[in-house]
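Reviewing the structure listed below.
Just so it is clear, none of the values below were taken in a lab; they were calculated from the coordinates. These figures come from a predicted structure and were not determined experimentally. Cβ atoms come from the backbone with ideal geometry, glycine included; neighbour counts cover every protein chain shown.
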Amino acid sequence: MKAARSKPQRQCRIVLTGGPGGGKTTAADMFRREIGVEVVVVPEAATILFQGGFPRSNEPGARRYAQTAIYHVQRHLEDVQAELFPGRTLICDRGTLDGAAYWPGYPHDYFGAVGSTMAAELARYDAVIFFETAAVSGASIEGGNPIRNESIKEAARLDGKLRDLWSQHPRFILVPNNRSFFKKLSFGLAVLEGVLEEFSAGRQTAARRGRPSRRR
């Protein structure tokens with residue numbers, strides 16, 4: 001008889017999200033540099049598509065097609081990284097739920113369009129670290145992302161919609177806006193390290209429970 005193949009350990013997936021200008025992309029790169037090979041970053045699907053020439057428009061019909069495309073690219077990016085790096089934690093620069101905030105209509109219409117549900121998308125991730133945008137304080141959100149075109153008012157509005165959606169996750173952690181971007185990133189890094197330690201401890205406990213007891 002062939003020996004039963006052991007099931008691979010479930011991979012931890014953490015979303016970094018928030019309104020435009022929250023610093024999540026900078027944070028993701030900082031986490032990767034600080035923590036090293038334990039994590040791999042899943043890049044933002046919207047940036048990849050729009051920088052690659054995918055049309056960006058405020059026309060409602062075009063926005064629906066764009067968000068549907070972003071959803072599927074995001075899912076596949078996560079799944080490809082999971083296959084390529086099975087032993088690492090995935091740090092996702094935005095998650096599949098984000099599109100519901102950018103959808104020109106109600107969230108349930110978005111889920112219908114992509115063939116999913118709110119519960120299913122939340123369940124894809126083990127934790128959500130929400131970087132509140134600087135726009136909530138009226139500060140500038142200009143940065144290094146050339147595809148960003150939201151005004152300060154629009155960025156604050158999107159931040160609120162995203163927070164309403166993601167805060168329904170049982171492991172939602174807010175990284176509030178701070179006048180010091182360094183302090184904000186430092187707090188976010190500490191939060192991420194705490195989540196990783198918690199997940200690692202839980203996985204070790206589960207492994208011990210599943211290990212057959214030794215009999216003399």
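Compute the length gained on full extension between R179 and A201: take 0.36 nm times their separation in residues and subtract their Cα-Cα distance, giving the result in nm to one decimal. The partial results should precede the final answer.
Values: separation 22, 0.36 × 22 = 7.92 nm, distance 3.39 nm.
Value of the extension gain: 4.5 nm.
What FRET efficiency comes out for the pair R124/A62, r = Cβ-Cβ distance, R0 = 30 Å, nearest 0.05? Don't jump to the answer; show the numbers that get you there.
Working: r = 26 Å, r/R0 = 0.88.
After rounding to 0.05, the efficiency reads 0.70.
Over the Cα atoms of segment 1-117, how large are the radius of gyration and the largest Cα-Cα distance (Dmax), in Å?
16.5, 61
Listing E193, E44 from the residue with the fewest other Cβ atoms within 10 Å to the one with the most, what is the order?
Numbers: E193 13, E44 25.
Least crowded to most crowded, the residues run E193, E44.
Give the long-range amide H neighbours of R171: residues separated by 5 or more places, or on another chain, with amide H under 5 Å away, using H modelled in the peptide plane at 1.01 Å from N.
V128
Highest mean first, what order results for 13-19, 36-42 on Cβ atoms within 10 Å?
On the way: 13-19: 26.0, 36-42: 15.4.
Peptide ranking by packing, descending: 13-19, 36-42.
What ranking do T26, T96 get, fewest neighbouring Cβ atoms within 10 angstrom at the top?
On the way: T26 18, T96 23.
Going from least to most buried by this count: T26, T96.
Around T133, which amide H atoms from residues at least 5 apart in sequence, or from another chain, sit under 5 Å from its own amide H, with H modelled in the peptide plane?
Those qualifying (amide H under 5 Å, at least 5 residues apart or on another chain) are G19.
Once you wrap a convex hull around the alpha carbon atoms of segment 74-167, what is its projected area averaged over all directions, in nm²? Write down the numbers at each step before the final one.
Working: hull surface 28.5 nm².
With the hull built on Cα positions only, its mean projection is 7.1 nm².
Put +1 on the Cβ of each Lys and Arg and -1 on the Cβ of each Asp and Glu in segment 13-180; which of V41, H76, G18 then has its Cα farthest toward the positive end of the dipole?
Going by the Cα projections, it comes out as G18.
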